[in-house]
Amino acid sequence: MNLHIISDTHTRHRELNLPGGDVLIHAGDFMSSGYGLDDAVDFLNWFEVQDYTHKIFIAGNHDRIFEDNPEGMKLVLDAYPTITYLQDEGCTIDGINFYGSPWTPAFCGWAFQLHNDYEDTEIWRKIPKDTDVLITHGPAHGKLDEITTPLSPGATPGHLGSKALRLWIDENNPKLHICGHIHSSQGVLDGYGEVTTHINAACLGEDYKYSNTKEYIEWEL
């Protein structure tokens, strides 16, 4: 199974040129402020016509409308039956178990925020232990979770990923963990004696331009 993985496009998805394939995954932050239904619908219209057999996405901290109006967005999503949206739930494709979740450690009052260690631990306990591909908007602690370019005002240096998510991954060993959120940590961590491969697929750099090395990351399961 061939995966093409993107994240953090922030309304600039139409600048991507994706080749098509088996599975397209977006790991959240396709909106800007996250309030505009027009932005969400534009993304869904674009996502729907991408030439992939399966299309999966989750929300991120910029995609506020999915947290503020979940029932309304469910009605919107019903018009896109070829797209799978995962919010603390999973799906299975050709025997591979996927699970998606939008939550990240709290920062500046955005959407899907975890405000303390208890919330951080409890949200990841929902993940089924037989998950093969885990998709979360934010990275695990110590895994592609550092801002590596000059910090923007208010940004925090150091490892910004979830410690409880890292613990869950270390204990349950999914084949693949996909994230975004920390734009300048785009890349792949594979090997070093670990079972799980970590991919940060953020498309845009910290400058919110296509300044990262890759427009998308390809991975074979």
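Simple rule: put +1 on each Lys or Arg Cβ and -1 on each Asp or Glu Cβ in the stretch 161-214, find the dipole, and look at 167, 205, 177; the Cα lying farthest toward the positive end is 205.
Which sequence of 76, 49, 23 reflects their accessible areas, 1.4 Å probe, from the largest down? List each step's numbers first, then the result.
Numbers: 76 35, 49 105, 23 0 Å².
Per-residue accessible area, sorted high to low, gives 49, 76, 23.
Here's the list of lysines a cross-link from residue 126 could span, going by alpha-carbon distance under 19 Å and ignoring same-chain residues fewer than 8 apart: 163, 175.
Label point of residue 146 set 7 angstrom out along Cα-Cβ; within the stretch 189-221, no amide nitrogen lies under 14 Å from it. Spin-label model, residue 116 to residue 22: label points 7 Å out along the Cα-to-beta-carbon direction sit 4.3 nm apart.
Solvent-accessible surface (1.4 Å probe) assigned to residue 171 amounts to roughly 120 Å². Put +1 on the Cβ of each Lys and Arg and -1 on the Cβ of each Asp and Glu in the chain; which of 105, 127, 32 then has its Cα farthest toward the positive end of the dipole? Result: 105, furthest along the dipole toward the positive end. The listed peptides 97-110, 132-145, 24-37, ordered by packing as a protection proxy, come out as 132-145, 24-37, 97-110 (highest mean of other Cβ atoms within 10 Å first). Taking the Cα centroid of the stretch 75-102 and of the stretch 1-24, what is the distance between the two, rounded to the nearest whole Å? Cα centroid to Cα centroid, the span is 16 Å.
Relative contact order for the chain: what percent, with Cα pairs under 8 Å and sequence separation of 6 or more? Don't skip to the answer; put the middle values down first.
Working: 493 pairs, mean separation 46.3, N = 221.
Relative contact order, the chain: 21 percent.
Residues whose amide H falls under 5 Å from that of residue 114, counting only those 5 or more places apart or on a different chain, are 104, 106, with hydrogens built in the peptide plane.
Centre-to-centre, using Cα atoms only, the stretch 194-221 and the stretch 122-144 are separated by 17 Å. Taking a probe of 1.4 Å, how large is the accessible area per residue of the chain, in Å²? With the other protein chains kept in place, the chain gives 45 Å² per residue.
Under the definition of Cα pairs under 8 Å and six or more residues apart, what whole-number percent is the relative contact order of the stretch 1-128?
Working: 213 pairs, mean separation 25.6, N = 128.
Over the stretch 1-128, the number comes to 20 percent.
Computed about the Cα centre, the dipole magnitude for the chain is approximately 220 debye when only Lys and Arg (+1) and Asp and Glu (-1) carry charge, each at its Cβ.
So which helices of the chain fit the span-like rule, where a helix is a whole DSSP H run, its Cα atoms reach 15 Å or more along the axis, and its mean Kyte-Doolittle is at least -0.5? Intermediate results must be reported in sequence, preceding the final value.
Values: long enough: 37-48 (16 Å, 0.07).
Counting only whole DSSP H runs, the qualifying helices are 37-48.
Express the carbon and sulfur contribution to the solvent-accessible surface of the stretch 31-139 as a percent, rounded to the nearest whole number, probe 1.4 angstrom. Percent of accessible area from carbon and sulfur atoms in the stretch 31-139: 50. Identify, among 75, 45, 23, the residue whose Cα sits farthest towards the positive end of the charge dipole of the stretch 1-76, taking +1 on the Cβ of Lys and Arg and -1 on the Cβ of Asp and Glu, with the dipole about the Cα centre. Going by the charge dipole, the pick is 23. Largest first, the residues 129, 74 sort by 1.4 Å accessible area into 129, 74.
The values are calculated or read from the model by the stated rules, or taken from the named source; none is laboratory data. Because the structure is a prediction, the values reported are computed rather than measured. Cβ sites come from the backbone with ideal geometry, for glycine too, and all protein chains shown count toward neighbours. In case anyone asks, the SASA skips ligands and DNA or RNA and just uses the protein heavy atoms, side chains included. Shrake-Rupley method; radii C 1.70, N 1.55, O 1.52, S 1.80 Å.
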